[in-house]
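Coordinate-derived values only; no laboratory data. Just so you know, these numbers come straight off a predicted model, no measurement behind them. Cβ sites come from the backbone with ideal geometry, for glycine too, and all protein chains shown count toward neighbours.
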Amino acid sequence: MIGNPDFLTGRGYDQAPEFQELESPEGELHLRFFVASGDEFALPATGIKEVISPTPDRITPIPNVSPLLLGTLNVRGRVIWVADLGQFLGDPATLSTDRSEISVIAVEDQDTMLGLAVDRINEMDWLNIDEVQMPSNITDGMAPFIRGEWSIADTPQRFLRLLDQVAILRSARWAA
């Protein structure tokens, strides 16, 4: 039966196979997520080292550091700092750590890794970089870290903002 060429295809030798055309995604792959205030942001997938969901007790608070930092996290023997991304961007709402897991996006540049704690992960999405607009209605404190934004079609006055993870990692704000 398996030796029969018609077994898998249901066709004979003389019939041409039917090919299903795969749709090619437009744009670049991004991770979409929300900070505590409900604002939505995106990071290019190429700039993300990994996404982890540790329990809050795995993040060790460190005294006398920037209030933006929640503490450190040991990820397979590597210690990384974890920051409240919303607070870093000037969000008035603080990230609640009273939950079973905290979503942390680990970004890396030149052997410097930082965990960005966010309220919740939305999805991976192919976004067209050619459609990025200049950011509107953002604070001066947020502006250096935003590359642009997409307007969300079905929701007026809502934007998906594209972050620059290298600018976030290299910010002098961490020393405060």
Short version: what are the Cα gyration tensor semi-axes of segment 26-175, square root of 5 times each eigenvalue, largest first, in whole Å? 25, 16, 15
Checked against the positive end of the charge dipole of segment 34-85 (+1 on Cβ of Lys and Arg, -1 on Cβ of Asp and Glu, about the Cα centre), the farthest of L68, A42, W81 is W81
Dipole of segment 26-175, Cα-centred, from +1 at each Lys and Arg C-beta and -1 at each Asp and Glu C-beta, to the nearest 20 debye? 540
Loop-resident trypsin sites (Lys or Arg not before Pro) in segment 39-109 with no more than 15 other Cβ atoms inside 10 Å, DSSP not H/G/I/E/B, are R76, R99
What is the sum of charges, Lys and Arg at +1 and Asp and Glu at -1, for the other residues whose Cβ falls under 12 Å from the Cβ of G47? -3
